[in-house]
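Nothing in this text is a laboratory measurement; each read-out follows from the coordinates by a stated rule. Since the structure is predicted, the reported quantities are computational estimates derived from the model, not experimental observations. Neighbour counts run over all protein chains shown; Cβ positions are idealised from the backbone, glycine included.
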Amino acid sequence: MTPLLRGHNTEEGILAVHPSGNASMRLYIRGAKSVTTRDEEFFPFFYLSDPFLLDGFNQKFWLKKAEGALAFSHICVFPAWPVLWDAVRHMLDRFNTLTTTRIESYAQLDAIHLIPDPVTQFLLQTGRTLFKGMSFDDLHRLQLDIETYTDGPYRFSKATRPGDRIILIALTDNRGWNTVIDGRKHDERRMLHDLVRVINERDPDVIEGHNIIAFDLPYILTRCARHDVELTIGRDGSAAKTAEARGSAGEYPGEPAIAGRHVVDTLHLVQSYDQSKRNMESYGLKYVARYFGFASPDRVYVNGDRISATWDEEPEMLVRYALDDVRETGLISEHLSPISFYLTQLLPSPYGTITRMGSAAKIEQLMSREYLRQKHSLPRPSQGIQTTGGYTDVYVTGVVGPVVHADVASLYPSIMIGNGIGPAKDTLGIFTAMLEELTSQRLEIKQKARAAADSVERSRLDAEQSSLKILINSFYGYLGYSRALFNDYAQADAVTQAGQEILRKIIAELREHFGIVVEVDTDGVFFVPPPDCIGEEAERSFVRTIALTLPPRIFLELDGRYRRMLSYKKKNYALLGYDDRLTMKGSSLISRSIERFGRAFVRQAVERILNNDIDGLHRVYVNTVSAIQGHEMSVSEFARVETLKDSLETYDREVLTGKRNRSAAYEVARQLERRVRSGERVVYYITGTDPNVKGFENCKQAEDWDPHFPDENIAYYVKRLDEFAQKFKDFFRPQDFVRIFAPDDLFPFSSEGVEIITTAAPGQPDEPEETPGKFGIWLDE
DNA sequence: AGCTGTGGCAGGGAGG
DNA sequence: CCTCCCTGCCAC
């Protein structure tokens, strides 16, 4: 019995398990009842080497470190796929039994969990199917195919296509499941049987839906339980299960189990897409479809609470609505799923799982895959904290223009490649090598995509390069992640510090060349170009001039140009494009926690200020005040929407122990009849007459607001409006400010003599004192 | 049970 | 009033 892994850090608790050469098994080791374990000693561990299957596609298992040497009494085999039962038995027979090698004080296995991930993955990608009763020889041939099909470490395998898909939609109204269905039990029972039949007939590799994991599947399973129908949609005829139903046998919570099929939730796809883009307002299906331009003009919309009524009154309408949902979900998936799909060729995880994996987990898999390929041990996570981040500052507040935004392309990855930054623990040195390799692959693919004549080919290549971009951008975050095996806080700090230096250099150079730096954040700069730099071409070449002063491989690019900019605070500003489009950034201007009327007010006010329309600004204020006072707004405009992070129980406990204060959102949640879970949104408004009421004592659920007897707290909401107006205080002289943001009285408002003040932000000792009007040229237009 | 990072603004409530 | 603490949301 020789340990399969070699390594320098076995003293840190590295274990080798020798499974006698079957790596298509996922080994899961649970602490036996007789074993005392300590939580802090639990750590995930790890891949088997594979003398027989393919390199890299090894499976993961977990060990619980036990105190002292212990032997378990038996070994159990749990094949996740009954189809493979024979194969497992065959392999075990062939190798007699599992042998384990124990190092230091680690315990032996007590359970084996089979998940044929590489096989499903291969099948999915090649469009081949695994059939019931397949013999071990058939499987073995498949495995040989898989071997030839893999290209090697951290390279894409040969691409094929996603398998057949089916989209699942469940409909209910949001008053609860009972009202929709209870009157029509027979119909529903038949529908469930139809669902099972259709899925088995179509036999899809992938089942998709928007929020399918949190809603459609659990909903359908609940209905199945109520009607005593088995949702037998697994490829082997087994029933679909939710995580709870399966226990926590090493699976992710919420991970659905449909044997032989992948579940892809377009909600997850959208969320991870927006993590890099960051400009979506919501992740709801209807919004997302409109965002991507997938919603057709004659799309049917039915409000959630009208679904059962619509079904009763105009069933064809509801059918059309459901089909529109399906169509849009399908288009969103076609647009976004390739990013995950192409990663299945790089990572040893199944397609469905990859769509739900975080970015650090992906890096971890890449690292582990290569370490295991080289049969080297893996380190444990280091303890510590990262101490630095990006540099952010605001040099000028007020209205300026024209403004150019220049940013460094892929700042952190470039630094890591340029300075060879990688974890000290990475003795094989693959982290940086991998980053370099992936980056050059991406550039190659990007160029191919640009050159591709065929539009299908182009979008396939584009998806591939987007997958890589996401991976590449995750390398930095991985360094500072506390649970990462290869984390290295010192190196994470080295990356951010180098980034700060580059940004400061850019600022210094811009000033040297007579640009006026307005706001900077991490990897980009807003600045007013020098007076003789007019027009896009001049600005572009100005940025090039600055870029020449930077270290090699650091590419400063012109990212955007704007007619005017309102600079408010760090990470808070508004931009007016040459197409007159207004974009606002920052939590104090666009936060979802601001009431809708407040967001509308701020937006209109910013727009008027950017256009130097002081009379308009005053009118916006006056109109908003009168709308509040005249009860002209409906509840959705002044209600506040809050997401509950904790359960009501946690909240109560923490309030009781004085760890946190009472808050309106949770108190409203308490009033609701249904149980409120964490992550849910609560919509409420403030009642009473005193503007200084305590929110948690004077709050009501928005649904309870009655337009005929409006009881919102007018004084409170006027006070809120004045708080929003305060944001603009520094843009005006005090005497002007009080006149603009005040109701009309005896004398009509006049903007005569009002000027917008632009100032160098305080606390900038190296910035010479500036006077109003000196920033940019637009005031003289 | 799994979870990528730091920096920044604002609001509400409690207590000085 | 102010400060502190906590939570939520946002930029990159």
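What's the FRET efficiency of residue A:313 with residue A:634 using the Cβ-Cβ distance as r and R₀ = 45 Å, to the nearest 0.05? Walk me through the numbers on the way to the answer.
Working: r = 25 Å, r/R0 = 0.56.
Plugging the Cβ-Cβ distance into 1/(1 + (r/R0)^6) gives 0.95.
Counting only Cα atoms, region A:583-725 measures 51, 36, 24 Å along its principal axes, largest extent leading.
The length gained by stretching the chain between residue A:277 and residue A:578 to full extension, at 0.36 nm per residue less their Cα-Cα distance, is 106.2 nm. Along its principal axes, region A:400-461 has C-alpha extents of 44, 42, 13 angstrom, given from the largest down.
Counting Lys and Arg as +1 and Asp and Glu as -1 over every other residue whose Cβ lies under 13 Å from the Cβ of residue A:473, the net charge comes to +4. The label point for residue A:452 and the one for residue A:613, both projected 7 Å from the Cα toward the Cβ, are 4.4 nm apart. For region A:408-550, the percent of C-alpha pairs falling in each 5 Å distance bin, counted from 0 to the bin holding the largest distance, reads 2, 9, 15, 15, 14, 14, 14, 10, 5, 1, 0. Count Lys and Arg as plus one, Asp and Glu as minus one, and take only other residues whose Cβ is under 13 Å from that of residue A:385; the net charge is then -2.
Can you work out the PRE-style zone for residue A:719? Point 7 Å along Cα to Cβ, and I want the residues of region A:619-640 with backbone N under 13 Å. Residues passing the 13 Å test: none.
Placing pseudo-labels 7 Å out from each Cα toward the beta carbon at residue A:661 and residue A:512 gives an inter-label distance of 4.9 nm.
Short-range pairs are left out: with C-alpha atoms under 8 Å and at least six residues apart, the relative contact order of region A:539-654 is 17 percent.
Spacing of the modelled spin labels on residue A:709 and residue A:198, each 7 Å from Cα toward Cβ, amounts to 4.6 nm.
Residues whose amide H falls under 5 Å from that of residue A:262, counting only those 5 or more places apart or on a different chain, are A:206, A:207, with hydrogens built in the peptide plane. For region A:276-301, backbone nitrogen atoms closer than 14 Å to the point 7 Å from residue A:473 Cα along Cα-to-C-beta are found at A:276-280. Length gained on full extension, residue A:757 to residue A:226: 184.5 nm, using 0.36 nm per residue less the C-alpha separation.
What's the Kirkwood radius of region A:517-634 in Å, using all Cα pairs? Mind dumping the intermediate values first?
On the way: mean 1/r = 0.0600 Å⁻¹.
Mean inverse Cα-Cα distance, inverted, gives 16.7 Å.
The simple Förster model, with R0 at 60 Å and r as the Cβ-Cβ distance, assigns residue A:483 and residue A:623 a FRET efficiency of 0.70.
How high is the relative contact order of region A:322-476? Use alpha-carbon pairs under 8 Å, at least six apart in sequence, and give a whole percent. Present the calculation step by step, with values, prior to reporting the outcome.
Values: 94 pairs, mean separation 46.4, N = 155.
Normalised by residue count, the contact order of region A:322-476 is 30 percent.
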